[in-house]
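Student: Encoded as structure tokens, here's the structure I'll be asking about.
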Amino acid sequence: MRQSGILMPVSALPGAYGIGSFSKEAYKFVDWLQKSGQSLWQILPLGPTSYGDSPYQSFSTFAGNPYFIDLETLAREGLLEDDICRQADFGNNPNQIDYGMLYQNRFHILKVAYEHAKEQQIMNSSDYVDFLNEQNEWLSDYALYMSVKDYFHGAGWNLWEENIRLRRPDAISHYQDLLTDEIHFYQFLQYEFYKQWNMLKEYANQKGIQIIGDIPIYVAYDSADVWAHPELFQLDESGQPTSVAGCPPDGFSATGQLWGNPLYDWKKLKKDNYGWWVQRMSHSLKLYDVVRIDHFRGFDEYYAIPYGDETAENGEWEKGPGMELFRALHKEIKELRVIAEDLGFLTESVLEMLKESGFPGMKVLQFAFDGSEDSSYLPYKYDSNCVVYTGTHDNETTKGWLENLQGHDLKFVREYINCYEQPVNDCVWALIRMALSSVAELAIIPIQDY
């Protein structure tokens, strides 16, 4: 069944408190999707953002971003007074997220809600206890990690005192006792996040809207994931990475891309039949209806850059787990609904892996109109098992892209979409129509293009 939808980050929803959240505006957006005939809402990763505020560098691949907890919902539940929300300073520009102000002020408000929750004995409720038990596999490590991180003034775990950095049992017990209240605070935040998100997702599903989530292939080095499971990553005995992730030099970057994420130790993961990845995907498919996996080609081969290098020039390609990982996932997960982010240069082995997996790949119209006039992103080359976009979150708006095109590429796109002399806005609509009328089973348009 062919479906269409909108790419819209939760953070970009309207709202009165500095950032989009699971608020009434989110429910109105779902209503608008339904009324406009859409059936998909694609979002960006929901994890708590770390330094740089990117959703692709998170303190946890399992936890949710506390910024998305709706303050008005907390007020209706009797956990906040209205005036504390209205008086908080979240920045001067209502059209721009000020992450610095959020960091300074949001947690203060959430701690007030936590204190009220303690007074109301919410943490003794069966719902709360059930949540802790259901999520214990990751939540206890995450809450301790965030609490110890605060104790060391925000320092990355590799800079903590040695005993807790290396997770020695006596140190774990010591900090669990020392930081008991802080640990409970971070657990409470996840309880509220998941409660609110599950309500919003259920509302969307009832309206016929499915959620497409997004997970990065890698996790951040400064994360509960790496601190709690160092054996799953390419680290030395002291916890430092031996190699890190990135991309080699190409036409866009002479020195390549140095992402800096630790690489997986696929041999260790294989010994457990990829149990951590099964846990991650199972968790994601409870959060979302469909999961987009970023950098899909990294499962076939990954680019390993020596730790400490300042550029990506000296990296080497290493063999990944390939289809073996996805067979393990298929065995453990009934409905493995995945979109493969297969953009960029693809080798024959990547194409074979994509075909065998059965996952739909991505087609981006902004990549279609190059000098070769033979791009695989041109719509007449699609088969139905793909997802077409005008652009992704990494692209500029389609209007901006068209305005910056010159020469042959501009002539080619205008001829191809029969938009010779028309204004740029008309050409944007022509490209949207092209995406929606293609044979692709799914078509996703970024909200900015509409």
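Student: Mind listing whichever residues of the stretch 11-26 are assigned to a loop (DSSP other than H, G, I, E, B), touching a Leu at 6+ places or on another chain (Cβ under 6 Å) and open to solvent by 30 Å² or more (accessible area, probe 1.4 Å)?
Tutor: Y17
Student: Scan the stretch 102-128 for residues that are in a loop (DSSP other than H, G, I, E, B) and open to solvent by less than 70 Å² (accessible area, probe 1.4 Å) and jot them down. Before the answer, list the steps.
Tutor: Taking the stretch 102-128 and keeping what is in a loop (DSSP other than H, G, I, E, B), we get 120-121, 125.
Answer for the stretch 102-128, where residues must be in a loop (DSSP other than H, G, I, E, B) and open to solvent by less than 70 Å² (accessible area, probe 1.4 Å): just S125.
Student: While we're here: Would you be able to tell me the number of residues in the stretch 34-71 that are under 15 Å from S21 (Cβ atoms) and modelled with pLDDT under 95?
Tutor: Selection size over the stretch 34-71: 2.
Student: Could you say whether any residue in the stretch 357-367 is more than 23 Å from the chain's Cα centre (by Cα) and either modelled with pLDDT of 95 or more or not hydrophobic (A, V, I, L, M, F, W, C) (or both)? Steps first, answer last, please.
Tutor: First pass over the stretch 357-367, keeping only residues more than 23 Å from the chain's Cα centre (by Cα): none.
Scanning the stretch 357-367 turns up no residue that is more than 23 Å from the chain's Cα centre (by Cα) and either modelled with pLDDT of 95 or more or not hydrophobic (A, V, I, L, M, F, W, C) (or both).
Student: Within the stretch 353-387, take every residue that is in contact with a helix residue (DSSP H, G or I) (Cβ under 7 Å, 6 or more places away or on another chain) and of a type in the set (F, W, Y) and give me the one that is most open to solvent (accessible area, probe 1.4 Å).
Tutor: Y377
Student: Is it the case that the stretch 231-251 has a residue that's within 21 Å of E134 (Cα to Cα), open to solvent by 30 Å² or more (accessible area, probe 1.4 Å), out of contact with any Ser or Thr (no Cβ under 9 Å at 6 or more places or on another chain) and touching a residue at least 40 places away in the same chain (Cβ under 8 Å)? Please lay out each step first, then the result.
Tutor: So in the stretch 231-251, the residues within 21 Å of E134 (Cα to Cα) come out as none.
So far as the stretch 231-251 goes, no, none of its residues is within 21 Å of E134 (Cα to Cα), open to solvent by 30 Å² or more (accessible area, probe 1.4 Å), out of contact with any Ser or Thr (no Cβ under 9 Å at 6 or more places or on another chain) and touching a residue at least 40 places away in the same chain (Cβ under 8 Å).
Student: Only residues that are touching a residue at least 24 places away in the same chain (Cβ under 8 Å), hydrophobic (A, V, I, L, M, F, W, C) and open to solvent by 10 Å² or more (accessible area, probe 1.4 Å): list them for the stretch 339-352, please.
Tutor: The initial filter retains those residues of the stretch 339-352 that are touching a residue at least 24 places away in the same chain (Cβ under 8 Å), namely 339-347, 349-350.
From what's left, hydrophobic (A, V, I, L, M, F, W, C): 339-340, 343, 345-346, 350.
Hits for the stretch 339-352 are L343, F345, L346.
Student: Going by the structure shown, is Y307 of a type in the set (S, T, Y) and crowded, with 21+ Cβ neighbours inside 10 Å? Spell out how you get there, then give the answer.
Tutor: Values: of a type in the set (S, T, Y): yes; crowded, with 21+ Cβ neighbours inside 10 Å: no.
For Y307, the condition - of a type in the set (S, T, Y) and crowded, with 21+ Cβ neighbours inside 10 Å - is not met.
Student: Right, next: So how many residues does the stretch 81-113 have that are without any contact (Cβ under 8 Å) to a residue 12 or more places away in the chain and in contact with a Cys (Cβ under 7 Å, 6 or more places away or on another chain)?
Tutor: Number of matching residues: 0.
Student: Kindly check whether there is at least one residue in the stretch 437-450 that is open to solvent by 60 Å² or more (accessible area, probe 1.4 Å) and in a helix (DSSP H, G or I).
Tutor: Just the residues of the stretch 437-450 that are open to solvent by 60 Å² or more (accessible area, probe 1.4 Å), to begin with: 437, 439, 441, 448, 450.
Within this subset, residues satisfying the condition of being in a helix (DSSP H, G or I) are 437.
Yes.
Student: What tally of residues in the stretch 56-101 results from selecting those that are small (G, A, S), closer than 18 Å to I43 by Cβ and open to solvent by 20 Å² or more (accessible area, probe 1.4 Å)?
Tutor: Matching residues across the stretch 56-101 total 0.
Student: Could you give me the residue pairs with C-beta distances under 8 Å whose first residue belongs to the stretch 145-168 and is β-branched (V, I, T), whose second residue is assigned to a helix (DSSP H, G or I) and open to solvent by 70 Å² or more (accessible area, probe 1.4 Å) wherever it lies, and which are 6+ apart or on separate chains?
Tutor: I164/H174
Student: Just to verify a result, which residue in the stretch 204-213, among those that are in a helix (DSSP H, G or I) and within 12 Å of L33 (Cα to Cα), is least open to solvent (accessible area, probe 1.4 Å)?
Tutor: Out of the qualifying residues, it is A204.
Student: Moving on. Of everything in the stretch 168-183, what is crowded, with 17+ Cβ neighbours inside 10 Å and not aliphatic (A, V, I, L, M)? Give them in sequence order. Before the answer, list the steps.
Tutor: Filtering the stretch 168-183 down to residues crowded, with 17+ Cβ neighbours inside 10 Å leaves 171, 175, 179, 182-183.
Hits for the stretch 168-183 are Y175, E182.
Student: D89 - would you say it is at pLDDT below 95, in a loop (DSSP other than H, G, I, E, B) and on the phi > 0 side of the Ramachandran plot?
Tutor: Numbers: at pLDDT below 95: yes; in a loop (DSSP other than H, G, I, E, B): yes; on the phi > 0 side of the Ramachandran plot: no.
So D89 fails the test.
Student: Within the stretch 329-368, can you find the residues that are under 30 Å from W429 (Cα atoms) and part of a helix (DSSP H, G or I)?
Tutor: L365, Q366, F367
Student: From the list Y194, Y151, exactly one residue is over 20 Å from the mean Cα position of the chain (by Cα), over 27 Å from L258 (Cα atoms) and surrounded by 14 or more Cβ atoms within 10 Å (Cβ to Cβ). Which is it? Talk me through it step by step, then tell me what you get.
Tutor: Numbers: Y194 fails: over 20 Å from the mean Cα position of the chain (by Cα).
Result of the check over Y194, Y151: Y151.
Student: Would you tally the residues in the stretch 265-286 being closer than 30 Å to L40 by Cβ and out of contact with any Leu (no Cβ under 7 Å at 6 or more places or on another chain)? Explain how you work it out, then say what you get.
Tutor: As a first pass, look at the stretch 265-286 and keep what is closer than 30 Å to L40 by Cβ: 274, 276-286.
Subset that is out of contact with any Leu (no Cβ under 7 Å at 6 or more places or on another chain): 279-280, 282-286.
The total comes to 7.
Student: Another question, then. Using beta carbons and a limit of 9 Å, which pairs, at least six apart or on different chains, have the first residue in the stretch 312-326 and in contact (Cβ under 8 Å) with a residue 12 or more places away in the chain and under 13 Å from S349 (Cβ atoms) and the second one outside any strand (DSSP E or B) and of a type in the set (S, T, N, Q)?
Tutor: Sorted first by the residue in the stretch 312-326, then by its partner, the pairs are G322/S349; M323/S357.
The values are calculated or read from the model by the stated rules, or taken from the named source; none is laboratory data. The structure displayed is predicted, hence computed values, not measured ones. A quick note on method: Cβ atoms are made from the backbone with ideal geometry, for glycine too, and the neighbour counts reach across all protein chains shown. When the accessible area is computed, the model is the full protein with side chains, heavy atoms only, and any ligands, DNA or RNA have been set aside. Shrake-Rupley method; radii C 1.70, N 1.55, O 1.52, S 1.80 Å.
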